[in-house]
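These notes concern the structure reproduced below.
The values are calculated or read from the model by the stated rules, or taken from the named source; none is laboratory data. Model, not experiment: these values are computed from the prediction. Heads up, the Cβs are rebuilt from the backbone with ideal geometry, glycines too, and the neighbour counts pull from every protein chain shown. Note: areas computed on protein heavy atoms with side chains; ligands, DNA, RNA excluded. Shrake-Rupley method; radii C 1.70, N 1.55, O 1.52, S 1.80 Å.
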Amino acid sequence: MAQETKLRDSNLELYRILLMLLIIAHHYVVNSGLLAQTGPLVTDPTAVRSVFLYLFGAFGKTGINCFLMITGYYMCKSRITLQRFLKVFLEVLFYDIACWIVFVIAGYETFSVRGLLSLFIPVKNVGQNFVGCFLVFYLFLPFLTILVQNLTQKMHLALLALTGYMYVVLGNLPGCSVTMNYVSWYMVIFFMASYLRLYPSPVFFKKGLWAVASLGSLALSLVSVVICGRFFDAPYMLVSDTNALLAVTNGVTWFLFFKNLRIPYTKWINTVASTTFGVLLIHANSDAMRRFLWEDLLKNTQAYATDLWWLHAVLSVLGIFAVCVVIDLLRQCFAEKPAMAFVDKALSRRSS
C-alpha cells in the first residue's frame, strides 16, 4: 500500500481507490456493532437489511490481499531504499501521534507518558495487526526480492505450491487449521505477485478471461455470504480472513483484471490513490477512532433502524474516504515533503 516516487499506471491506482472504499465499507459493518444488531440469516434469510450489510462489508480481507498483490508486483523489481521505508514509517508515526493527541484532547484517550512513548513503537505485536505487520514485511522486501530474482521459474512455482498448500489448502480444509501470521502471509502474496511479474505468460494478459474470472469470483463470494449465513450462521466463512479461499481468488483475479485495463495516466486518479494508505491509517487508527467514528459521529446502529439505512451506509463510506483524502493530501504537502527533504539531505550528507 505504500506509495513510490515513480509514476504508476492509473488502472492500478484506480484499483487502489476502489479497494479502499471496500475496506471502509467492511469497517462500517464489523467495527460499529452492526453485526450484533443485524438479523441472523439462519433465522431470517429474507431480511433485506441484514443481507445488504453482510454483502456491503464482505471484502475487507480481500482488500488486504489486493493491496499486497500490487505491492508485490511493483516491488519485486524495485530497489528497496532506507528513504522508502522511512517514508512509510514516518507516515504511520505521524498518524499514530496526531490521532492520539486529538483523542486525548477530546477525552477518548487518557494521557500518560507511557502511552505517549508507546506511540514511537508502531510494531507492538506480529500477528494480525495490519499496519505493524506491513512495516515488518516491508523490511523483509530486500531479501524477498533477492530470493525471487534468483529462483528458477520451476523453483518459484514449487515455492508457491508449498506455501499455498500450507496457508490456503490447510487453512480451508475442514478439520485442519493454520495459525495466521500476517507477515508470513504477506510473503506468500509477494511470491504470487512476483511470479506474475517475473514470468509474464500470455494467459496473464487475456482481458476477457480475467474479466470473467474476476466477476465469477465476486459472484461466488456474494453467494457464499448468503449461503454460509443461511446454513452455517457464518456469512464470512469463505472470505473471513486473508487466506480464506475466495479472498485469495478475488485477490488474484481482480488484480489481473485491473492490470490489463488500459487507462491513460490520469493525474487526479494517481493523486487520490496516493492517499489510500493514509486513509487506512486515519479511519482505522485505534479503538478510540472506531468508537468516535462509527458509534458517536455516524451512529451506525441507530441509522440501521431508519428508512434510509442503505443511504447512510453508502454516504458514510464515501464521506469518510473524501475527508481522509483531504487530510492526507495536506499531510503530504506540509509534513511529508519537508520531512523527506530533511531525510534525503541527512542521508546524502552521511554517505558523502
Any chance Val92 is at pLDDT 95 or above and either open to solvent by 50 Å² or more (accessible area, probe 1.4 Å) or aliphatic (A, V, I, L, M) (or both):
yes
Select, from Phe277, Phe321, the only residue that is within 24 Å of Val123 (Cα to Cα) and either open to solvent by 60 Å² or more (accessible area, probe 1.4 Å) or part of a helix (DSSP H, G or I) (or both).
Phe277
Tell me the residue from Met237, Met166 that is open to solvent by 60 Å² or more (accessible area, probe 1.4 Å), hydrophobic (A, V, I, L, M, F, W, C), part of a loop (DSSP other than H, G, I, E, B) and out of contact with any His (no Cβ under 6 Å at 6 or more places or on another chain), please.
Met237
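Each row is one residue, and each column tells you yes or no for (1) at pLDDT 95 or above; (2) open to solvent by less than 50 Å² (accessible area, probe 1.4 Å).
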{"position": "Ala98", "(1), (2)": "yes, yes"}
{"position": "Ile105", "(1), (2)": "yes, no"}
{"position": "Ser118", "(1), (2)": "no, yes"}
{"position": "Lys124", "(1), (2)": "no, no"}
{"position": "Gly132", "(1), (2)": "no, yes"}
Take the residues of the range 242-274 that are surrounded by fewer than 21 Cβ atoms within 10 Å (Cβ to Cβ) and within 30 Å of Phe103 (Cα to Cα): which is nearest to the chain's Cα centre (by Cα)?
Ser274
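Residue by residue through the range 37-61, note down the ones that are out of contact with any Ser or Thr (no Cβ under 8 Å at 6 or more places or on another chain) and either at pLDDT 90 or above or farther than 12 Å from Trp309 by Cβ (or both). Before the answer, list the steps.
Taking the range 37-61 and keeping what is out of contact with any Ser or Thr (no Cβ under 8 Å at 6 or more places or on another chain), we get 42-43, 45-46, 48, 51-52, 55-57, 60.
Hits for the range 37-61 are Val42, Thr43, Pro45, Thr46, Val51, Phe52, Leu55, Phe56, Gly57, Gly60.
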When the range 280-318 is examined, which residues are found to be under 17 Å from Val102 (Cα atoms) and either outside any helix (DSSP H, G or I) or β-branched (Val, Ile, Thr) (or both)?
Ile282, Ala284, Asn285, Ser286
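Here are Leu147, Leu82, Leu68, Leu159: which of them is open to solvent by 60 Å² or more (accessible area, probe 1.4 Å) and modelled with pLDDT of 95 or more? Lay out the reasoning, then the answer.
Numbers: Leu82 fails: modelled with pLDDT of 95 or more; Leu68 fails: open to solvent by 60 Å² or more (accessible area, probe 1.4 Å); Leu159 fails: open to solvent by 60 Å² or more (accessible area, probe 1.4 Å).
After applying the criteria, what remains is Leu147.
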Selection over the range 294-312 where residues are open to solvent by less than 70 Å² (accessible area, probe 1.4 Å) and touching a residue at least 60 places away in the same chain (Cβ under 8 Å) yields a count of 6
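Matching residues to (1) within 20 Å of Gly63 (Cβ to Cβ); (2) among the polar types (S, T, N, Q):
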site: Met180; (1), (2): yes, no
site: Phe191; (1), (2): yes, no
site: Lys206; (1), (2): no, no
site: Leu209; (1), (2): no, no
site: Leu215; (1), (2): yes, no
site: Arg230; (1), (2): no, no
site: Asp233; (1), (2): no, no
site: Ser240; (1), (2): yes, yes
If Ile189 satisfies all but one of (1) β-branched (Val, Ile, Thr); (2) surrounded by 15 or more Cβ atoms within 10 Å (Cβ to Cβ); (3) modelled with pLDDT of 95 or more; (4) more than 25 Å from the chain's Cα centre (by Cα), what's the number of the condition it fails?
(4)
